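In what follows, a single structure is set out as structure tokens and then discussed.
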Amino acid sequence: MNKVFAGDLPKVGIRPTIDGRRQGVRESLEEQTMGMARAVAALISETLRHPDGRAVECVIADTTIGGVSEAAACAEKFRRDNVGVSLTVTPCWCYGSETMDMDPMLPKAVWGFNGTERPGAVYLAAVLSAYAQKGLPAFGIYGGEVQDAGDRSIPDDVAEKILRFARAGLAVATMRGKAYLAIGGTSMGIAGSMVDPDFLQKYLGMRSESVDMSELQRRLQLLLFDPDEYEKALAWTKANCKEGRDVNAPEKRSSPERKAEEWETSVKMTLIARDLMVGNPRLAELGWAEEAEGHHAIASGFQGQRQWTDFMPNGDFMETILNTSFDWNGPRQPLIMATENDCLNGLGMLFGNLLTGTAQIFSDVRTYWSAESIERVSGWKPEGAAAGGIIHLINSGATCLDGSGEMMVDGKPAMKPFWDVTEEDQRRCLEATRFCAANLGYFRGGGFSTDFTTRGGMPVTMIRLNLVDRLGPVLQIAEGETVALPEEVHDTLDLRTDPSWPTTWFAPRLTGEGPFRSVYSVMDAWGANHGAISYGHNGAEIITLAAMLRIPVAMHNVAPERIFRPRAWGLFGSEPEGADFRACAAFGPLYR
């Protein structure tokens, strides 16, 4: 199921604004202005894809926009064509409040051409001032070098900002109207699994959907899933998912017959959870029309512990496979599912997936290992990326197979969007993974936990969405890289937790300031017990998305020159992070 949602995906709207004075002025600018719009549309459509693999489409206004009536006609076209992001382009002076986009729901940016023949920069400043005055924050894009009037190219610095804005804006538009599905409720008192419907609605424009875990039990008992796909999935699982160590005492281990039943149940749970999220037309053919609809969920979470896992196989296999970019049907769009129904971490995973198109790692932010502690227990003195210490990221039994780092790009470990995933990538990920019998001390009902160690040298970004009383949502971002330890050192450290769970050794990039003074201070400042980890250094994209959603960022290690926020943010003070908090509070939630 490569297309989670078969409907019309949000598009990027391009608004070519122009000096409205006719009898010479406007006419002289028509070709250049519309040429800018066509060039931007080509850049976006040729570069960006939606997370389901489809190319991003752009909609250009039917005419250049020189006044209110043409702005209104453009707005009407955008509504008809499902435009979710608004980008204005111009090489010249235009009438600011008469040509601006007034739709409060659309993320907005303006590219003012840097040329001396016409004052595009003057319009840019004027209209951004109007946006701020009207409470509609917009991003300003202005090239660092002067261009000639006849230059139709898009400078690299301008292209970077256009694409960053478009990615984040499309993420905003894609979330709008979708749902977070909680399967179960609060897990083990974890506050992140106390789903806040007001936050989902006001900040993300999303619904809060929930079903009791007994719905899985009902569908298991009634065989409410596609039997043909189940046979295919089970055969694939038996052929590709190799069992690993059993950490349980010999006298407590499940029999081979019991384990076979647990495998069957785990595969059925995976099918059922997927169908709960996005529906399945096959169920209607089988007489289950209501269940075939699903919950329109772009992300979900599974409580599991303990009301389910005390008597039924855990959800580790289900969570692993759904979050992975492939399964028995081949490469496909990952389906975001948060362990322990940690909605806030699941939403962090969703942000990363929408911005990168790749699968996301869910992990406990488990342990800070100083270089001294590593050397004390293992006898090995850390070097390279591990010299300043590392953070042990390990989830209690599940994370995407992509997280093994076995997909290679230019000879280096990577995680790919599903449309680039090859059969060899799938084989390598599966070969590097073992599915270990669940630790019965934690999971009395059995099941299978995912065990691999992430390859070192992979650039990653860890984020956490937090909710704070009387403040609201706050994001944290830490860019860094995965670390490979000598095998015997890894075993010494890993065996102190649970060797049947997936491990990623993480070294955040240090700046010498604030929470990034040391690896210890990053760990000490982290807002919760979980983190969402995506491939690549995409902290700048997260910051841009957060500003659109009016979610301030409390800590990050992104270089200042990479940060791109609405122009109005600079009017809230000279210290960027404090200004971010003040601007988000002043403009308020996007869907208030």
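The values are calculated or read from the model by the stated rules, or taken from the named source; none is laboratory data. Note that the structure is a prediction, hence the values are computed from the model and not measured. Cβ placement follows ideal geometry from the backbone for every residue including glycine, while neighbour counts extend to all protein chains displayed. Please note that ligands, DNA and RNA were not included when accessible areas were found on the heavy atoms of the full protein model with its side chains. Shrake-Rupley method; radii C 1.70, N 1.55, O 1.52, S 1.80 Å.
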Quick check: anything in region 577-589 closer than 20 Å to Leu350 by Cα and out of contact with any Asp or Glu (no Cβ under 6 Å at 6 or more places or on another chain)?
yes
I'd like to verify a number: residues in region 71-96 that are among the polar types (S, T, N, Q) and modelled with pLDDT under 95, how many?
0
Suppose the filter is hydrophobic (A, V, I, L, M, F, W, C), open to solvent by less than 30 Å² (accessible area, probe 1.4 Å) and over 22 Å from Cys343 (Cα atoms); does Val267 pass it?
yes
Scan region 17-36 for residues that are touching a Phe, Trp or Tyr at 6+ places or on another chain (Cβ under 8 Å) and either outside any helix (DSSP H, G or I) or basic (Lys, Arg) (or both) and jot them down.
Thr17, Asp19, Gly20
Pairs please, first residue from region 147-160 and within 20 Å of Glu31 (Cα to Cα), second anywhere and of a type in the set (D, E, K, R) and modelled with pLDDT under 90, Cβ atoms under 8 Å, 6+ apart in sequence or on different chains.
Ala149/Glu117; Ala149/Arg118
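Return yes when Ala414 is within 28 Å of Asp52 (Cα to Cα), of a type in the set (A, V, I, L, M) and at pLDDT 95 or above and no when it is not.
yes
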Only one of (1) open to solvent by less than 10 Å² (accessible area, probe 1.4 Å); (2) outside any strand (DSSP E or B); (3) among the hydrophobic types (A, V, I, L, M, F, W, C) fails for Met337. Which number is that?
(2)
Has region 542-549 got at least one residue that is touching a residue at least 12 places away in the same chain (Cβ under 8 Å), over 27 Å from Tyr142 (Cβ atoms), β-branched (Val, Ile, Thr) and assigned by the TED database to the domain that holds Phe443?
no
Are any of the residues in region 154-161 of a type in the set (Gly, Ala, Ser), open to solvent by 10 Å² or more (accessible area, probe 1.4 Å) and modelled with pLDDT of 95 or more?
yes
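Among what's in region 374-416 and is in a helix (DSSP H, G or I) and open to solvent by 30 Å² or more (accessible area, probe 1.4 Å), pick the residue that is nearest to Met349 (Cα to Cα).
As a first pass, look at region 374-416 and keep what is in a helix (DSSP H, G or I): 374-378, 384-386, 401-404.
Then keep just the ones that are open to solvent by 30 Å² or more (accessible area, probe 1.4 Å); that gives 375-378, 384-385.
Working: Glu375: 33, Arg376: 35, Val377: 34, Ser378: 33, Gly384: 29, Ala385: 25 Å.
That would be Ala385.
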Could you tell me which residue of region 176-196 is most open to solvent (accessible area, probe 1.4 Å), considering only residues that are of a type outside the set (Ser, Thr, Tyr) and touching a Phe, Trp or Tyr at 6+ places or on another chain (Cβ under 9 Å)?
Arg176
Failed item in (1) open to solvent by 10 Å² or more (accessible area, probe 1.4 Å); (2) touching a residue at least 60 places away in the same chain (Cβ under 8 Å); (3) in a loop (DSSP other than H, G, I, E, B), with Gln426 passing the rest
(3)
Total residues in region 300-334, condition touching a Lys or Arg at 6+ places or on another chain (Cβ under 8 Å), open to solvent by less than 10 Å² (accessible area, probe 1.4 Å) and not β-branched (Val, Ile, Thr):
3
Filtered residue count, region 364-422, keeping only those that are basic (Lys, Arg), in contact with an Asp or Glu (Cβ under 9 Å, 6 or more places away or on another chain) and over 30 Å from Leu322 (Cα atoms)
1
Residue count for region 287-299, restricted to those that are open to solvent by 30 Å² or more (accessible area, probe 1.4 Å) and either within 12 Å of Leu224 (Cα to Cα) or not assigned by the TED database to the domain that holds Leu223 (or both):
4
Here is a check on your reading of the model: is Ala284 farther than 28 Å from Leu204 by Cβ and open to solvent by 10 Å² or more (accessible area, probe 1.4 Å)?
yes
For region 434-472, give me each residue that is open to solvent by 10 Å² or more (accessible area, probe 1.4 Å) and assigned to a loop (DSSP other than H, G, I, E, B).
Asn439, Leu440, Gly441, Tyr442, Arg444, Arg455, Gly456, Gly457, Asp469, Arg470, Leu471
Within the set of pairs 6 or more residues apart or between chains, which connect a residue that is under 16 Å from Ala478 (Cα atoms) and in a loop (DSSP other than H, G, I, E, B) inside region 345-373 to a residue that is at pLDDT 95 or above and of a type in the set (A, V, I, L, M) with Cβ atoms less than 6 Å apart?
Gln360/Met349; Gln360/Ala532
Every residue from region 125-137 that is in contact (Cβ under 8 Å) with a residue 24 or more places away in the chain, out of contact with any Ser or Thr (no Cβ under 8 Å at 6 or more places or on another chain) and either among the hydrophobic types (A, V, I, L, M, F, W, C) or crowded, with 18+ Cβ neighbours inside 10 Å (or both):
Ala126, Leu128, Tyr131, Ala132, Leu136, Pro137
Is it the case that some residue within region 341-355 is of a type in the set (Asp, Glu) and open to solvent by 10 Å² or more (accessible area, probe 1.4 Å)?
no
Can you give me the number of residues within region 134-191 that are under 20 Å from Gly539 (Cα atoms), under 16 Å from the mean Cα position of the chain (by Cα) and of a type outside the set (A, V, I, L, M)?
5
Of all the residues that make up region 543-581, how many are under 20 Å from Leu465 (Cβ atoms) and basic (Lys, Arg)?
2
If the Cβ limit is 8 Å and pairs must be 6+ apart or interchain, which residue in region 429-449 that is β-branched (Val, Ile, Thr) pairs with which residue that is surrounded by fewer than 17 Cβ atoms within 10 Å (Cβ to Cβ)?
Thr433/Lys242
Return a yes/no flag: does region 37-51 have any residue that is in a loop (DSSP other than H, G, I, E, B) and closer than 30 Å to Asp226 by Cβ.
yes
